[in-house]
Number of protein chains: 2
Amino acid sequence: MTTPLEVHRLFYDAVETGDVDLMASLWVEDPATSCVHLGTMPLRGTAQVLRSWTVVMAGVGYIQFFLTDVEVVTLPRGASDPDTAVITCTENVLSAEGLALDAEAFAGGKAVSTSIVVRVGGGWKIWSRHASPIAELMLEEDQ
Amino acid sequence: MTTPLEVHRLFYDAVETGDVDLMASLWVEDPATSCVHLGTMPLRGTAQVLRSWTVVMAGVGYIQFFLTDVEVVTLPRGASDPDTAVITCTENVLSAEGLALDAEAFAGGKAVSTSIVVRVGGGWKIWSRHASPIAELMLEEDQ
C-alpha cells in the first residue's frame, strides 16, 4: 500500500539512482498519460514518457532533489476514498557540474512541478507530471 | 451544464476579453487550488490565483490564444461518471507587441499548459493550472 506522497518521493528516488525499473513501476500504463519536461512539449503515453526518462537518467551523473513546499490535495475534495491526488512542489536540484542533463537541464537550479497521481488497485501511480523552470534560472543566462 | 473542455475554452476567453468576473466564475473556490504562471512559483488558493489573473489581464492589451494539441483525459480512467479531467494543450499566443505582459510574458510565443478541472455540482470548474514556456522562447533571447 503506497500513498500518493510515497509514489511522489519514489519518483525522485528513481531519478537520483537512475533506476529505470523503479521509474517504470510508478507510472500508470496508458497511452494517455503525459509528461512535460522542462521547456518541452508534452510527451504522451507511458511508453514515450518512460523512454524519455531513460534518456534523461542516462545523461545524469550525480543528482539530488531537495523538495520544498510540497503540497498534496486529494480529489474529489472531501471524499473519504479519493481517486486522484495533485502534488505540487519546488524541486531544488543539486547535480554534478558540467553534465549533459538533456531535457531536464536544471544543474543546481530550481523547478516547480505538478504531479497527478491516481489510485490503481490498492496503491497509487503517476498519471501526469508537468515540470517548469523558475524564472531565476532563465535570468541567470543574461548576467 | 458545462463540460471540461468548455470551461477550458472559457478560461482563455476570460483572458482574451479581460473578463475578471468570468475568470472568477471558472475556478473552484478553495484555499488549496493552485496556479503556476510561466516561470513562477505556484500560487495557492483561489483568492491569490484570481488576484494574479486580474494583474495579468490588466497588463495585457490585445491577446489571442490559438490552442493546438488539446488533449482531454477524464479520471478515474474508464469511469462513467468521472470527477476529474486533465487537459493539456499548446498555447500559441498572439499579442500586441511591446506590451508589459507581466507574469505571463509570452508575446507571440508558445507555452504548454496542464489544467485540472473537477466536477462541481452539475458542471466543471478549474482546480489547477500549470503553464510553462517552450524552450524556443528562452533561446530567442540569446539571438
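Every read-out reported here was derived from the displayed coordinates using simple, explicitly stated rules and does not represent laboratory data. The shown structure was predicted, so the numbers you read here are calculated from the model rather than taken from an experiment. Cβ coordinates were reconstructed from backbone atoms using ideal geometry, including for glycine residues, and neighbour counts include every protein chain displayed.
Descriptive notes on the structure:
- Using a 7 Å Cα-to-Cβ projection, A:E71 label spacings across copies, nm, ascending: 2.6
- Taking A:M23, A:M41, A:M57 in turn, the Gaussian network model of chain A (Cα-Cα springs below 10 Å) assigns the largest fluctuation to A:M41.
- Peptide A:70-76 - average C-beta neighbours from other chains (10 Å radius): 4
- Applying 1/(1 + (r/R0)^6) with R0 = 25 Å to the Cβ-Cβ distance of A:V55 and A:L10 gives a FRET efficiency near 0.80.
- Rounded if a/c under 1.5, otherwise prolate or oblate - the protein assembly as shown, Cα gyration tensor axes: oblate
- Along the axis of the charge dipole computed for segment A:4-134 (Cβ charges of +1 for Lys and Arg, -1 for Asp and Glu, origin at the Cα centre), the listed residues A:S34, A:T68, A:W53 are led at the positive end by A:S34.
- Under 12 Å, Cβ to Cβ, from B:L67 - net charge with Lys/Arg +1 and Asp/Glu -1: -3
- Cα gyration tensor, chain B - rounded (a/c under 1.5), prolate or oblate: prolate
- The relative contact order of chain A, computed from alpha carbon pairs under 8 Å that lie at least 6 residues apart in sequence, is 26 percent.
- Across peptide B:42-48, the mean count of Cβ atoms from other chains lying within 10 Å of each residue's own Cβ comes to 2.
- Computed about the Cα centre, the dipole magnitude for chain B is approximately 480 debye when only Lys and Arg (+1) and Asp and Glu (-1) carry charge, each at its Cβ.
- Selection from A:T2, A:V20, A:A131 lying farthest towards where the dipole of chain A points positive, charges on Cβ: A:T2
- Where chain B is rotated onto chain A, the residue of B whose Cβ comes nearest the axis, and that gap in whole Å, is B:S132, 2.
- With label points set 7 Å from Cα along Cα→Cβ, the inter-copy distances at A:G122 are 4.2 nm, sorted shortest first.
- Between copies, B:L94 shows label-point distances of 4.9 nm, shortest first, with the point placed 7 angstrom from Cα along Cα to C-beta.
- Proximal lysines to B:K110, defined as alpha-carbon separation beneath 21 angstrom and excluding residues fewer than eight positions away on the same chain: none
- Net charge, B:T90 excluded, C-beta distance under 11 Å - Lys, Arg +1, Asp, Glu -1: -2
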